[in-house]
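Working notes, structure below.
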Amino acid sequence: MRTLTLEPLTKAAFAPFGEVLETDGSDFFMINNGSTRRYHRLASVETSDPDDRAILSIFRADALAMPLTVRMLERHPLGSQAFMPLLGRPFLIVVAPVGERPAPDRVRAFLSDGRQGVNYRRGVWHHPVLALEGPDDFLVVDRTGAGNNCDEHFFTEDELLLLDPHR
């Protein structure tokens, strides 16, 4: 079983999978008579159909026991999906590139510092939300509309991956 190596979450490292939502190093302009910085368009909401709508939700996630055996990944073929932590707690991100199925040797793991969120591009394989402390709250931006927007892939026993944030 391959053990995933946690990578720091940076805009450059995460670019193949989507956008990192953070203010550090991001452009802004002043609004509200100079009292507010607007970090504009940190990510784009993707939808596949003109009748789709972007929606905001809050997910309350319990922490899973670590180390974790990664048995499955999911993807959303009809729209992007963003997660922004609301309580400032670090969380884990496990992703694989867009494709018909996720290749275990191309799966990567990232650690958010608790002030960074992510926006998964349409079709990017990812593990469901991985809180390190629970319950933890996330603002989620994704789509609603017609059609199934969640495909799941379960790895075979010889493809399983180990995620150990303490290594």
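Observations, loosely collected:
- For region 1-50, residues that are under 22 Å from the mean Cα position of the chain (by Cα), in a strand (DSSP E or B) and either loosely packed, with under 11 Cβ neighbours inside 10 Å or among the β-branched types (V, I, T) (or both) total 3.
- Residue selection: S57 satisfies the criterion of being touching a strand residue (DSSP E or B) at 6+ places or on another chain (Cβ under 7 Å) and within 27 Å of R143 (Cβ to Cβ).
- Residue check for D49: of a type outside the set (S, T, N, Q), at pLDDT 95 or above and within 25 Å of C150 (Cβ to Cβ): no
- Residues (among the charged types (D, E, K, R) and either within 30 Å of D158 (Cα to Cα) or in contact with a Cys (Cβ under 6 Å, 6 or more places away or on another chain) (or both)) located in region 2-48: R2, E7
- Restricted to region 58-88, and to residues there that are more than 15 Å from G134 (Cβ to Cβ) and among the basic types (K, R), the residue that is surrounded by the most Cβ atoms within 10 Å (Cβ to Cβ) is R75.
- Checking each residue in region 111-137 for being part of a strand (DSSP E or B), crowded, with 20+ Cβ neighbours inside 10 Å and among the hydrophobic types (A, V, I, L, M, F, W, C) picks out V118, W125, L130, A131.
- Looking only at region 90-106, and only at residues there that are assigned to a loop (DSSP other than H, G, I, E, B) and either at pLDDT below 95 or within 13 Å of the chain's Cα centre (by Cα) (or both), the one that is surrounded by the most Cβ atoms within 10 Å (Cβ to Cβ): P90
- Pairs meeting the criteria (first residue in region 1-22 and closer than 18 Å to D142 by Cβ, second residue part of a loop (DSSP other than H, G, I, E, B) and of a type in the set (D, E, K, R), beta carbons under 7 Å, at least 6 apart or on different chains) are F17/R121; G18/R121.
- Only one of the numbered conditions (1) touching a residue at least 60 places away in the same chain (Cβ under 8 Å); (2) outside any strand (DSSP E or B) is not met by L87, and that is (1).
- Within region 115-151, being more than 15 Å from the chain's Cα centre (by Cα) and either more than 22 Å from I55 (Cα to Cα) or of a type outside the set (V, I, T) (or both) holds for E133, G134, P135, G145, A146, G147, N148, N149, D151.
- Residues being more than 30 Å from D105 (Cβ to Cβ) and without any contact (Cβ under 8 Å) to a residue 24 or more places away in the chain - total across region 43-72: 1
The values are calculated or read from the model by the stated rules, or taken from the named source; none is laboratory data. Not measured: the values here are computed from a predicted model. Ideal geometry is used to build each Cβ from the backbone, glycine not excepted, and the neighbour counts take in all protein chains shown.
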